[in-house]
Amino acid sequence: MGETIDWGSVPQWLTATIALCAFIAALISIGVQRATARRRAAFDLFLKTETDEKMITAFDRFHEGIAAMRAAPDVQTFCTSPSSREQYLNVRKYLNVHELVAVGIDRNVLDPKVCFSYWGDTLTNNYSDAQPVLDFLATRPKNKYTYSDLHKLNAKWVKQKSRS
């Protein structure tokens with residue numbers, strides 16, 4: 001007559017399938033939470049840059065430093081002269097903020113889309129303004145890798161802006 005089906009292993013397969021589905025759901029959940037955390041971190045950083053008095057002052061002093069750099073006889077004088085040291089350090093201080101954003105994006109701490117949407121023009125414009133200082137630093141052996149993440153991010157964002 002007919003063969004009987006052995007249902008003995010079905011509960012094991014059902015358990016394994018449920019466990020696999022739970023694992024996939026957990027991975028998706030972790031990914032969504034990480035993406036949300038990166039977006040939130042970017043938002044928090046930019047909220048601070050816009051509302052914190054010290055950050056606003058640093059931004060203003062950056063532009064004062066850029067004006068002093070343009071008025072200097074050359075970039076080396078601006079970067080090394082004791083008379084322009086404060087202005088030079090003001091430029092560097094704000095470039096450090098940009099480097100922090102670049103490192104955060106590179107290390108997947110900050111969401112690249114949120115950062116580009118909000119900070120893309122600011123970063124690329126400030127990078128362009130400070131280009132002489134950045135070029136000067138790149139020629140000095142001890143500063144060879146200074147702002148390396150910023151250089152990469154700027155190149156990427158300039159290309160991204162040209163496509164849009």
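We did not get these values from a lab; they are worked out from the coordinates using the rules stated. Here the structure is a predicted model, which means the values were calculated and not measured. Note that each Cβ is placed from the backbone with ideal geometry, even for glycine, and that neighbours are counted across all protein chains shown.
A simple spin-label model places pseudo-atoms 7 Å from Cα toward Cβ; at Val103 and Ala41 they are separated by 1.2 nm.
Would you mind calculating the gained length between Lys144 and Gln12 on full extension (0.36 nm times residue separation, minus the Cα-Cα distance), in nm to one decimal?
Result for the pair: 41.6 nm of gain on full extension.
Each other residue within a Cβ distance under 12 Å of Asp60 adds +1 if Lys or Arg and -1 if Asp or Glu, for a net charge of +1.
For segment 39-163, the alpha-carbon radius of gyration amounts to 1.06 times the rule-of-thumb value 2.2 N^0.38 Å expected for a compact globular protein. When shorter helices are ignored and each DSSP H run of at least 4 residues is given -39500 (n - 2.57), the per-residue value for the chain at 222 nm works out to -27500 deg cm²/dmol. Protection proxy ranking of 24-35, 135-146, 94-105, 109-120, by the mean of other Cβ atoms within 10 Å over each peptide's residues and highest first, is 94-105, 109-120, 135-146, 24-35. Counting 0.36 nm for each residue step from Glu64 to Ser164 and taking away their Cα separation leaves a gain of 32.9 nm.
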